[in-house]
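Working notes for the structure below.
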Amino acid sequence: MAVHAPSGSHVNVRSSRTAAASIPPGLRGQHDGQLQAAGHLNPQPEKSQDLPTSSQRLRRSNSETRPEQIHISFAGPGAVSISWVTHAQDVTAITTSPHPSQLRQHQPATLQGWWGAAQTWLFSASSPSSASPDSLQQLNRQAQADSTHNEWALRKGATSANGSYTCYTSAEYESGALHSVILGQGPEGPLLPSTTYYYQVGDPAPGGEMSPVFSFNTTPPVGPASLPYRLGLVGDLGQTLDSAKTLQHLVEVQPQSILNVGDLSYADGYQPRWDTYGRLVQPSTAHIAWMNIEGNHEQELVGADEKSWLAYALRFSATDVSSGSGTTMYYSYDIAAAHVIMIGSYADFDSDSAQYAWLQQDLQRVDRSRTPWLIVGMHVPWYNSYHSHHGEGDAIRESLEELLFQYGVDLIFTGHVHSYERSRRVLRGQPNPCGPIHVTIGDGGNREGAAIGWEEPQPEWSEVREPSFGMGVLEFVDSTTAIWQWYRNSETPVKDTADEVVFVRDPTCQPTQLKEAIN
């Protein structure tokens, strides 16, 4: 295709080395240009109802102790957080908690490791009272039976690891136990890069249950030599039939991790819908890391008149500790040759706010020789030509736009508006060759339907827009070249991209010159 230049927590884990992702043929070395754009107005998808809680993907297991809603997140360099839910709870402990809307219980965990050929590891993290040699030996036998994992040998015994569980109440709802274990920050040391880890979660003690064996791949070492890398993008997902199509497409395009720009479950205060959402996404979240940022639908009523981010804060982990933010409302992390910053649209963002001070320090720490790509994810778009939510991002844009421009942010992904839009490189509402490209990807398929109606004529900064459901993948090819592909949900299975463009970074857009350009 021709290029046209535009303007009681327990987890078992084992691992093996993985090959790097392949580079799409014929795309390396091409100039910043559009490969294919949405050339027609696709029929607008109709509103989709939430899947019934009785549907196979959403209904709860008959067992209260069976682990479910398994979710992997990055937890810092060489570390991941694995979280899951079980439903057996001590109701008395919940109702007598001094804070009726939230209960935290923490259990210490132990870690055991086995080593074998090809740098293969097996981990078990559990509360001391529930360690089961039989279950560990069973997983060890499974590893030995695998032709790619053999010559296993005991290397070391139990050591400590980070592990906890949490539960909460909201009105009449009582959550299950929300378990979380961090791997890679204990005595076992950082997880190996570019490695496949196999794991189980649950309680191996008599009467408890373990999950099936899952696997995940750790990120490659930070730096341009680790490219290519595929990052999936999704937003405003919900739990409808269209949401399920979006998730299926994410599986088909094979990203190495997912960035979700907010509005996750659309529970809107009805807490059981957080559980059904966790079951819906588990086929993906149990295998690849999902990093989330809050949207407006994550703020819910947890009492008669009290709004809170409670479910979002307790159910999802982030790199708030390693990035120094101290909150899951905004944080940052590195993947391959990209530094990703998650900005909180609903946290204070004025120049005297904690978020602004953290963001400035985070940008100052970025080493573009290690992470030449600088990516931002947040919920509310700054550039939006749809009538829906028009202008809602103006205040945060006025506060942060020049700061991000000064440090040469390349791409900004947002949601909130339930349709697709991609901008040109832009600053202060005008095309700018060193400005970031803004991509609105709030088209994950939630029950509110696609956004309709937009400004006419199309603003100069707006390149492509379409009111359809879909998702996208950004492939970092090398230090200056990335490929963005957006897929419509109506194309099932995924075949052709509806919008595909090659981005080429201009290394001459350096912070010093950018600061001078602002002034």
Can you tell me which residue within segment 486-510, out of those that are outside any loop (DSSP other than H, G, I, E, B) and open to solvent by less than 30 Å² (accessible area, probe 1.4 Å), is nearest to residue 436 (Cα to Cα)?
-> 503
Scanning segment 460-485 for residues that are open to solvent by less than 10 Å² (accessible area, probe 1.4 Å), touching a helix residue (DSSP H, G or I) at 6+ places or on another chain (Cβ under 8 Å) and in a strand (DSSP E or B) gives 470, 471, 473
Can you tell me which residue among 260, 292, 296 is farther than 22 Å from residue 211 by Cβ, within 11 Å of the chain's Cα centre (by Cα) and polar (S, T, N, Q)?
-> 260
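Mind telling me which of the residues 191, 178 ends up being open to solvent by less than 20 Å² (accessible area, probe 1.4 Å), modelled with pLDDT of 85 or more, part of a strand (DSSP E or B) and at negative phi?
On the way: 191 fails: part of a strand (DSSP E or B).
Among 191, 178, only 178 is open to solvent by less than 20 Å² (accessible area, probe 1.4 Å), modelled with pLDDT of 85 or more, part of a strand (DSSP E or B) and at negative phi.
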Counted residues, segment 317-338 - those being open to solvent by less than 20 Å² (accessible area, probe 1.4 Å) and outside any loop (DSSP other than H, G, I, E, B) = 5
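Could you list, in sequence order, the residues of segment 291-316 that are among the aromatic types (Phe, Trp, Tyr) and surrounded by 23 or more Cβ atoms within 10 Å (Cβ to Cβ)?
Pass one, segment 291-316, residues among the aromatic types (Phe, Trp, Tyr): 309, 312, 316.
312, 316, listed by residue number.
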Candidates 240, 219 - the one that is buried (at least 16 other Cβ atoms within 10 Å of the Cβ) and within 30 Å of residue 480 (Cβ to Cβ) | 219
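The values are calculated or read from the model by the stated rules, or taken from the named source; none is laboratory data. Here the structure is a predicted model, which is why all the values come from computation and not from measurement. Please note: Cβ atoms are built from the backbone with ideal geometry, for glycine as well, and neighbour counts cover all protein chains shown. Side chains are part of the model used for accessible areas, which takes the heavy atoms of the whole protein and leaves out ligands, DNA and RNA. Shrake-Rupley method; radii C 1.70, N 1.55, O 1.52, S 1.80 Å.
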